[in-house]
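A.B. asks: My questions will all concern the structure given below.
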Amino acid sequence: MKKLLAILGMITCMIGLAACGSAEDAAPLSAEEQQMIQFYAQRVDAIYQICNTDAIEENAENEVIHNGLLNFKSAMTDIGSYLGTNGGVIEYSDDSEDYIVRINVNGSDHNAVVEMVIVVENDIAQFTSISTNVEYTFGEKMEKAALNTLLGMGTVFVVLILISVIISLFGFIPKFAAKKKAQEKAPETKKDDVIAQIIEKEELSDDLELAAVISAAIATYEGSGSTDGFVVRSIRKAYKK
């Protein structure tokens, strides 16, 4: 029973806090704040007109405004047709006179919020940042998150596959180098074999001629006209002592 009462008390507190937050969000703007919202809403209309007439480069001297125009132009692809502004909010800085203005933009495809950061110096307000944030549905946000996840994981897997293919090719490099080296040595070996065969034939031819000459000389010495009675089997060179 005590646990149930504690849970009911927590739920009551949460509802109360939510109600307080809603009351704060719904707090009416002062007359000065309404004038400021209207003023900056006109600035958003001017931004749209500049982007619609492709006069962005005419404002290239001011980097903040130029970047804000480019950002709004890029957001228009998701916003669709510009249907005007619909109020906004002002957020003041605690320790200075600086403030942030957020103007709601209605579009045919998506709504958006143009956020302008203003810095006040010597009672002069200057833009330090202008950005356009398109408001997507929860389903669209989840779809984009899923696509980004798939794209990131796919990129990682593709890189890993390429690395594994490159590593596997390292095993073929020594084989290819050995094969190429063998092909370069093959003609030289064949050439050496041919030269050795030619030398061997020349030496054999010289021995046969020398044997024939010696056989004829022996036959003449013995007075026979033929060398049928003997055969010269070897020839040795005699050295004098």
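The values are calculated or read from the model by the stated rules, or taken from the named source; none is laboratory data. For clarity, every value in this text was computed on a predicted model and none was experimentally measured. Glycine also receives a Cβ, built like all others from the backbone with ideal geometry; neighbour counts cover every protein chain displayed. We work out accessible area using only protein heavy atoms, side chains counted, and drop any ligands, DNA or RNA first. Shrake-Rupley method; radii C 1.70, N 1.55, O 1.52, S 1.80 Å.
A.B. asks: Between residue 74 and residue 39, what FRET efficiency comes out of the Förster formula 1/(1 + (r/R0)^6) with R0 = 30 Å and r the beta carbon distance, rounded to 0.05?
C.D. replies: Result of the calculation: an efficiency of 0.75.
A.B. asks: Obtain the nm distance between the two label points defined at residue 66 and residue 124 by a simple spin-label model: each point lies 7 Å from its Cα along the Cα-to-C-beta direction.
C.D. replies: 2.0
A.B. asks: Among 138, 157, what's the order by accessible area (1.4 angstrom probe), most exposed first?
C.D. replies: 138, 157
A.B. asks: Shifting gears a bit: Given the convex hull over the Cα atoms of region 48-87, what projected area results after averaging over all orientations, in nm²?
C.D. replies: Averaging across all directions leaves 3.1 nm² for the Cα convex hull.
A.B. asks: Would you tell me the accessible area of residue 32, worked out with a 1.4 angstrom probe on the heavy atoms of the protein chains, in Å² to the nearest 10?
C.D. replies: Counting only protein heavy atoms, the figure is 130 Å².
A.B. asks: May I ask you to order 116-125, 174-183 by the average number of other C-beta atoms within 10 Å around their residues, highest value first?
C.D. replies: 116-125, 174-183
A.B. asks: I would also like to ask the following. If packing is taken as the average number of other Cβ atoms within 10 Å across a peptide's residues, how do 145-156, 59-70 rank, most packed first?
C.D. replies: The most tightly packed comes first, giving 59-70, 145-156.
A.B. asks: With a 1.4 Å probe and all protein chains in place, put 94, 78, 54 in order of accessible area, largest first.
C.D. replies: Of 94, 78, 54, the descending order of accessible area is 94, 54, 78.
A.B. asks: Show me, for region 46-56, the HN-Hα J-couplings you get by feeding each phi into the Karplus relation (A = 6.51, B = -1.76, C = 1.60, θ = phi - 60°), rounded to Hz, glycine and proline as x.
C.D. replies: Whole-Hz 3J(HN,Hα) from phi for region 46-56: 5, 4, 4, 4, 5, 5, 6, 9, 6, 9, 5.
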